[in-house]
Every structure is written in structure tokens, then in C-alpha cells.
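My questions will all concern the structure given below.
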Amino acid sequence: MSSAGIDKVRDWILGRHPERTELAADVDLIESRLVDSLAFVELVYTIEDAAGVEIDFDNIDIEDFQTLATIEKAFFA
Amino acid sequence: MTQPLIGVDLVPISRVGELLDPGIGPLLRRYLSAEELTVSRTPDGEPDRAGIAGRLAAKEAVFKLLGAVGRPVPWQGIEVLRGPGGRPGVRLSGRAAELARDAGLGPIDVSISHDAGFAIAVAAASTSLEHPNSLEQRL
């Protein structure tokens with residue numbers, strides 16, 4: 001069962017891509033161009049808001065943001 | 001021997017409207033430095049959306065010179081400011097400056113244009129290092 005936090009992140013991504021109705025946990029968000037470099041900052045902001053944490057943008061491990069599953073493990077576990 | 005490098009990027013001006021949405025907070029501050037925010041206003045004080053889109057495109061174009069594929073753009077470390085004669089100039093700091101040093105980059109020049117709802121920017125520099133994308137090395 002997914003957390004409410006990761007659901008917020010999923011909803012934000014789906015809200016940007018109305019052509020999609022689902023987003024599996026293992027879809028690569030960057031390779032699939034669901035999140036581009038401009039939107040990546042917004043993704044970080046959305047995760048911060050949903051998880052109640054502050055993310056140090058200069059020391060980001062990009063692998064934590066690769067899929068919904070890695071985001072959930074890094075920020076909502 | 002030096003080798004030329006170019007980077008290009010395109011930003012729809014409508015994307016700036018999304019970043020200015022008060023519902024998502026002062027998000028633009030994550031992309032632009034305080035000095036860039038100051039020069040990103042029209043004479044009547046409103047956000048210069050085309051100018052901001054051009055500035056964001058220029059940052060991404062510069063990032064493409066740095067050889068850091070797969071890493072997040074260090075938005076704050078790539079500042080695009082007004083240079084002599086009104087031409088845009090680039091100032092690097094922090095991780096962006098380190099990446100430029102590692103890539104052996106010389107001075108970076110950028111050119112920005114806006115039309116039909118889009119901003120486009122090209123960045124150019126030369127590197128003293130062997131370019132990892134050089135076809136000559138592969139063929």
C-alpha cells in the first residue's frame with residue numbers, strides 16, 4: 001500500500017500529463033520525459049511539501065528521483 | 001588543440017507562468033539568483049516572462065556544455081546576467097564552476113532569442129580536453 005505522500009507526488013505528475021491515467025511505481029520519470037530538467041525543481045518542491053522535509057538541491061542523488069518507488073523509499077519510507 | 005562545444009535549449013514562455021503561480025510558492029527563486037531576479041522585471045515591475053524563459057533556456061544550454069548528463073541542473077550556479085552592450089553574460093559558481101573546470105572549458109558565450117511563445121538559447125565554448133562526444137575518436 002502506498003503512502004499518502006507518494007500519492008501526492010503521483011497526482012502531481014499525472015496532473016502534468018493529462019494523457020496518462022496511471023503511473024506505475026517502476027516507470028523511469030526522467031528517461032520517459034515525464035519530468036524534464038525544469039520540472040525536476042518542481043518535483044523536488046512537491047516532494048518537500050508532501051514529505052515535510054527540506055532537500056539540499058546541491059547534494060541530490062538523482063537515483064532517489066528516478067521512479068515513484070525510489071522516491072517513496074528515499075522520502076516516504 | 002581546442003575543440004568547440006555548443007549547447008542549445010528551448011523553453012516555452014508559458015512555462016514561466018506556471019513557475020509564477022502563487023499556489024506553488026516562490027519557486028522562481030530556485031531557478032534564478034537574487035541578481036537575476038532583479039534584472040528579470042519589466043520597466044513597470046512585472047515579471048519579464050520572455051526574459052525569464054530566455055534566461056532559463058540559456059542556463060540549460062550552458063549546462064549542456066558541462067558534460068554532466070544525468071545530473072540535475074545547478075540553476076543557481078549558472079547565472080545569466082546582462083553583459084557589456086546588453087549582451088547576456090554567464091557567471092558560474094559552486095558545482096557549475098567545478099564542472100566547467102573539470103570539462104576544461106574556456107569562456108562561455110550565450111545568445112538568446114524569443115518568438116512565437118518560445119525562448120531559445122545557444123551556448124558556446126571551447127575545451128582543451130578531448131571531447132567525449134567526438135566522432136573522430138569513435139570512427
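Please count how many residues of segment B:66-87 are crowded, with 22+ Cβ neighbours inside 10 Å, within 14 Å of chain A (Cβ to nearest Cβ) and touching a residue at least 40 places away in the same chain (Cβ under 8 Å).
Residues meeting the conditions: 1.
Could you list, in sequence order, all residues of segment B:67-93 that are assigned to a loop (DSSP other than H, G, I, E, B), of a type in the set (A, V, I, L, M) and within 11 Å of the chain's Cα centre (by Cα)?
Listed by number, the list holds a single entry, B:VAL73.
Could you check B:LEU37 against (1) more than 13 Å from chain A (Cβ to nearest Cβ); (2) within 30 Å of B:GLU130 (Cβ to Cβ); (3) modelled with pLDDT under 95; (4) assigned to a helix (DSSP H, G or I) and say which number it fails?
Exception for B:LEU37: condition (2).
Considering only segment B:120-129, I want to know if a residue exists there that is outside any loop (DSSP other than H, G, I, E, B), within 14 Å of another protein chain (Cβ to nearest Cβ), at positive phi and not hydroxyl-bearing (Ser, Thr, Tyr).
Checking segment B:120-129: not a single residue is outside any loop (DSSP other than H, G, I, E, B), within 14 Å of another protein chain (Cβ to nearest Cβ), at positive phi and not hydroxyl-bearing (Ser, Thr, Tyr).
Another one. Where the second residue is polar (S, T, N, Q) and not in a helix (DSSP H, G or I) and the first is closer than 21 Å to B:ILE120 by Cα and lies in segment B:30-55, which pairs have Cβ atoms under 6 Å and are six or more apart or on separate chains?
Listed pairs, sorted by first residue: B:ASP48/B:SER40; B:ASP48/B:THR42; B:GLY51/B:SER40; B:ILE52/B:SER40.
Given the residues B:LEU20, B:LEU28, which is the only one that is within 12 Å of another protein chain (Cβ to nearest Cβ) and touching a Pro at 6+ places or on another chain (Cβ under 9 Å)?
Residue meeting the stated conditions: B:LEU28.
Within segment A:46-77, can you find the residues that are out of contact with any Phe, Trp or Tyr (no Cβ under 9 Å at 6 or more places or on another chain), under 23 Å from B:ALA96 (Cβ atoms) and crowded, with 17+ Cβ neighbours inside 10 Å?
Result: A:GLN66, single match.
The values are calculated or read from the model by the stated rules, or taken from the named source; none is laboratory data. The structure displayed is predicted, hence computed values, not measured ones. All Cβ positions, even for glycine, are placed from backbone atoms using ideal geometry, and neighbour counts span all protein chains on display.
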